[in-house]
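Written below as structure tokens is the structure these notes are about.
The values are calculated or read from the model by the stated rules, or taken from the named source; none is laboratory data. Worth saying up front: this structure is predicted, and the values here are computed from it rather than measured. Note: ideal-geometry Cβ built from the backbone for every residue, glycine included; neighbour counts use all protein chains shown.
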Amino acid sequence: MPRLSLQEVEYIAQLARLGLSDEEKELLREQLSAILEYAATINQLNTDDVEPMTSALPLRNVMRADSTAPGLTPDEALRNAPAVQDGHFCVQAILE
């Protein structure tokens, strides 16, 4: 694949709303050209016998099943609270 021209890099930068210096444009031209050359190399691979996939890892559900379990009693929940009033956490008001 031919290397990107400076005009193509400027067009891409315009689409991305990037203001680039001349040095940055040249650097991006080199980097983007290298990426496109690598993609062209990968496109030459024979993938006829490769099954299409959406992930390289096997899919499995890692979440546990929903089930009910006993929760904390109000006394257990409030045991370590610094301040309790009428069975509720007592916190300082934060007003601005």
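Structure data summary
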{"item": "Qualifying positions in the range 13-43 - β-branched (Val, Ile, Thr) and within 16 Å of ARG3 (Cβ to Cβ)", "result": "ILE35, THR41"}
{"item": "When residues of the range 7-25 are limited to those that are closer than 28 Å to GLN44 by Cβ and surrounded by 13 or more Cβ atoms within 10 Å (Cβ to Cβ), the one farthest from the chain's Cα centre (by Cα)", "result": "GLU8"}
{"item": "Check on GLU76, out of contact with any helix residue (DSSP H, G or I) (no Cβ under 9 Å at 6 or more places or on another chain) and modelled with pLDDT under 90", "result": "no"}
{"item": "Residue within the range 85-95 that is within 30 Å of PRO2 (Cβ to Cβ), part of a loop (DSSP other than H, G, I, E, B) and either over 36 Å from the mean Cα position of the chain (by Cα) or free of Cβ contacts under 8 Å to residues at least 60 places away in the same chain (or both) present", "result": "no"}
{"item": "Residue among ASP75, ASP48 that alone is part of a loop (DSSP other than H, G, I, E, B) and surrounded by fewer than 10 Cβ atoms within 10 Å (Cβ to Cβ)", "result": "ASP48"}
{"item": "Any hit, the range 33-41, residues being touching a helix residue (DSSP H, G or I) at 6+ places or on another chain (Cβ under 6 Å) and surrounded by 11 or more Cβ atoms within 10 Å (Cβ to Cβ)", "result": "no"}
{"item": "Residue within the range 57-68 that is closer than 30 Å to GLY87 by Cβ, assigned to a loop (DSSP other than H, G, I, E, B) and among the β-branched types (Val, Ile, Thr) present", "result": "yes"}
